[in-house]
Every structure is written in C-alpha cells, then in structure tokens.
Amino acid sequence: MPIKKAAIKALRQSKTRAARNLKAKKQIKDLVKKSKLLIEKKESDAAVRVKETIKAIDKAVQKKMLKKNAGARKKSRLMKRLNALAK
C-alpha cells in the first residue's frame, strides 16, 4: 500500500480510470457481438448497428482506450462482414 498522500491519490485515480476503461471496452465488445449477430441473421437494421459500433470504436480510440490500429482492425472486419452481406 502507498504511504504518501500523492501515491494514495494516484492509486485511487488509477483504479477509477481502469474501471472506466474496462466498462468502455466491454461496451464495445458487446456492440461488436450484437453487430455480428445481426449480420449473420441478415437483419435489415444491421447497417445501423454497425454504424453505432464504429462510432463507439472511434470514441474509444480518441480517448486512448483502444489503440489506433486495433480500432481500425475492428472497424475493417465489421465492414468486411457487412459488405459481404450486401453481395
């Protein structure tokens, strides 16, 4: 356990940020799963869900919760599935 006040505060901040990042990552993971499910079922609103997912991924990348290339990879794979549905 930290002894100094600054170290105690830093630990508290770290825990808070880690919890926030975990929540955002879990939300993205759920959105990606739901998008893939809708694409597989060939639902009409799959495109809307994918658009929401991409928006969430972009926000996570902007806030540095996801790395830039990881976000791009997730978006690319989703769009690849969606475009295959259209063909």
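Summary table
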{"read-out": "Looking only at segment 55-87, and only at residues there that are outside any helix (DSSP H, G or I) and surrounded by fewer than 15 Cβ atoms within 10 Å (Cβ to Cβ), the one that is farthest from the chain's Cα centre (by Cα)", "value": "Lys87"}
{"read-out": "Flag if Ser44 is touching a residue at least 12 places away in the same chain (Cβ under 8 Å) and either among the polar types (S, T, N, Q) or at positive phi (or both)", "value": "no"}
{"read-out": "Residue in segment 16-27 that is farther than 30 Å from Met1 by Cβ and assigned to a helix (DSSP H, G or I) present", "value": "yes"}
{"read-out": "Segment 1-44, residues that are exposed (fewer than 12 other Cβ atoms within 10 Å of the Cβ), within 26 Å of Ala56 (Cα to Cα) and basic (Lys, Arg)", "value": "Lys15, Arg17, Lys23, Lys26, Lys29, Lys33, Lys41, Lys42"}
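No lab work stands behind these numbers, since they all come straight from the coordinates. All values derive from a computational prediction rather than experimental measurement. Neighbour counts are summed over all protein chains in view; Cβ atoms, including those assigned to glycine, are modelled from backbone coordinates with ideal geometry.
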